[in-house]
Amino acid sequence: MREILTRQRVTTFFTHLLCIIILFVLPELLTSLANPGRPLKLWMYTKTFVFIGVFYANYYGIIERSLDKPRHFLRFFAYNFILILVSLGLIYLIWRFKGHLGGRTPLRNQVAPTEWMYLAKAAGMLSRDLVMLILVIGFAIALRLGDMWIKLDRRRQDLLNTQREEELKNLKSQLNPHFLFNTLNSIYALIAISPDKAQAAVHELSRLLRYVLYDTSATVSLRQEIAFIDNYINLMKLRLNPSIRLNVTLDGGNDENIRIAPLLFITQIENVFKHGIHTTDIPLDISITAHGGQIVCRTSNGLSPSDQQPVTPENPDGGIGLANLRRRLDLIYGNEADLNVSSDNDHYTVTLTINTSATNLITNP
């Protein structure tokens, strides 16, 4: 963080330096180069320091203290009015005694300038410099307000990111106990039926928990996630009625570089075994495929009358699990992910589509 701030300060300094050279030094230098007989007016460069002083007085002091609230606008104009008067006075003194800083003396046949001629010339010069001072103040305002806007925007973005990360953590913390609860229920049902299967299920559960607790980071490879789903399905098979048909397709494709947020498919798979095992007439279908950067997870199962939750505009997901999943997808992938839920009298189908080829994954805790 400190390196970023130092880099920003150095960038700001050289930006200001470049602007000062372009606005105040370069014009006089080019004029002198274009007119070899014209002497270089060193006093013009001395005057440059006055403009620089006005710029930084506004950039680091007046603007921040006077434009933070609307009622301080008069303070801003008062400070700059005084600053302009002082600056014009300094510029006049520099110009009046410029002969000591490289000015020209009158030629032999020239009439020596009178005091009125000096004053008339001074009035024209100070009018021009007044415009320059106003431009300098305007330039300082533009840069300072631009910097302030960038800082506010960065702070707003940091707050949004923090809020998003906290919400993702909450959603994930809801997911893990839900997953563990359903899995323990399955193992509990196996204990009375087959202790050997229950023992194997506990071992399988330990592998699943290791993945959930230790192997998941911001992103995981699609192959890792599919292996996790495969282990979970094998665990659920231990308590599945032999009369229930289960169709599973897990195809991660040939691209080993596909990475996704972890634990995106488990909610769908859990619902299949939770609601679909109550009827043997409708098979359980689980499919995860990846092709051309697009991942599709489709699940289909039957529902008993007591478990049916019709999909309505008020209940588009049919349950809290899919509602949380939809929120996670929105936070992580935005418009690059779609969760479609459809239901009729006895079929429940969920299709999750993720376009990884066009997605920059948002930080996922």
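The values are calculated or read from the model by the stated rules, or taken from the named source; none is laboratory data. Quick caveat: nothing in here was measured; it's all calculated off a predicted structure. Glycine also receives a Cβ, built like all others from the backbone with ideal geometry; neighbour counts cover every protein chain displayed. Each accessible area value is taken on the protein alone, full model and side chains, heavy atoms only, with ligands, DNA and RNA left out. Shrake-Rupley method; radii C 1.70, N 1.55, O 1.52, S 1.80 Å.
Of note:
- As a calculated quantity, the FRET efficiency between residue 8 and residue 96 at R0 = 41 Å, using C-beta atoms, amounts to about 0.50.
- Ordering of 226-235, 9-18 by packing [mean C-beta count within 10 Å, highest first]: 226-235, 9-18
- Solvent exposure, largest accessible area first (probe 1.4 Å, DNA, RNA and ligands not counted), of 72, 203, 347: 203, 347, 72
- Distance between modelled label sites at residue 278 and residue 15, nm, 7 Å Cα→Cβ extension: 6.2
- Label point distance in nm, residue 194-residue 355, each placed 7 Å from Cα along Cα→Cβ: 4.5
- Our estimate of slack between residue 125 and residue 335, defined as 0.36 nm per intervening residue step minus the Cα-Cα distance, is 69.6 nm.
- Estimated D of the range 178-299 in µm² per second, where Rh is the Kirkwood radius over Cα pairs and Stokes-Einstein applies at 25 °C, 0.890 mPa s: 162
- Spin-label pair residue 294-residue 26: with each label point 7 Å from Cα along the Cα-Cβ axis, the two points sit 5.1 nm from one another.
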